[in-house]
1. Order the following by accessible area, largest value first: 178, 147. Probe radius 1.4 Å; ligands, DNA and RNA are ignored.
2. Suppose the chain between residue 25 and residue 8 were pulled fully straight at 0.36 nm per residue; how much longer would it get relative to their current alpha carbon spacing?
3. Cα atoms only, segment 1-108: Rg and Dmax in Å?
4. Using alpha-carbon pairs under 8 Å, 6+ residues apart, how would you state the relative contact order of segment 1-88 in percent?
5. Can you give me the angle between helix 131-150 and the longest principal axis of the chain, using Cα atoms only, in degrees from 0 to 90, rounded to the nearest 10?
6. Whose amide H sits under 5 Å from the amide H of residue 33, counting only residues 5 or more places off or on another chain, with H placed in the peptide plane?
7. Of all GluC sites (Glu not before Pro) in segment 70-156, which ones are in loop regions per DSSP and have a Cβ with at most 16 other Cβ atoms within 10 Å?
8. For segment 86-165, what value does the Rg/Rh ratio take when both radii are computed over Cα atoms and Rh is the Kirkwood radius, given to two decimals?
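The values are calculated or read from the model by the stated rules, or taken from the named source; none is laboratory data. Since this is a predicted model, take the numbers as computed values, not measurements. Counting neighbours? That spans all protein chains shown, and the Cβs are built from the backbone with ideal geometry, glycine included. When the accessible area is computed, the model is the full protein with side chains, heavy atoms only, and any ligands, DNA or RNA have been set aside. Shrake-Rupley method; radii C 1.70, N 1.55, O 1.52, S 1.80 Å.
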Amino acid sequence: MTTTMTHRFTCPLCGNMFDAEIVTSTNSFGPLHSDFYREAAGAQPICLFVHTCTNCGYTGFDGDFQPQSFSPTFGQLVAENITPEVRGRPIEVNGHYYLAALCAGWRGASAQELGRIYHMGAWCCRVRGERDKEQFYLARAAESFEKALAAGQPSPESRAMYAYIIGDIYRRLGNAEKAKEWYGRVGEMLKAFGGEPKIAEYAERQMKE
């Protein structure tokens, strides 16, 4: 089962202290979604992996709240674009993957890293039943993963997997043409770069369905 606890974070950007839930244990006994979200048996932990400062809105994963320094430009971007949206009103301190992606992007995260954050945001919205928000995140994830592949960021042996994920995201977005295009690239990438052979089976099955 998934267990959580309340943890007091100190924002490394503004020094504000706030409480948020963190995951202390979980499992992978639930079903596997076609885009590789593995459900836990019982409560789903996916929305508890990112946290938002209640004062300035700085958002990140557990490790992003370690003491660190930031550039003046980053602090200004947070102050101008996020802080006005969170200061002075109650906010949910867990699950704001869009804010996490903004902060990561301003700090120089790669397209591959941003795609991962957006994809996790889609999973969070999926388990919450927020379909419109899930679609928003999926579109951002596909865009980022495509940029990552174009830039050669994923390791060669994982490129076929990313092609499959992009195809599956487009399938979930209702874009059958783009889905088929990316599913069709899986076999080519496996031949060119190697990787897990079962990815081709997944792609073929989704193409048939």
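1. Values: 178 55, 147 115 Å².
So, going from the largest accessible area down, we get 147, 178.
2. Numbers: separation 17, 0.36 × 17 = 6.12 nm, distance 1.78 nm.
Working it through step by step, the gained length comes to 4.3 nm.
3. Cα only, segment 1-108: 15.0, 44 Å (Rg, Dmax).
4. Reported as a whole number, the value is 27 percent.
5. 70 degrees
6. So residue 33 has HN proximity to 38, 39.
7. Working: sites: 80, 85, 92, 113, 130, 134, 143, 146; in loops: 92, 130.
Here the GluC sites (Glu not before Pro) that fit, given the DSSP loop and packing criteria, are 92, 130.
8. Values: Rg = 13.8 Å, Rh = 13.3 Å.
Taking Rh as the inverse mean 1/r over Cα pairs, Rg/Rh reads 1.03.
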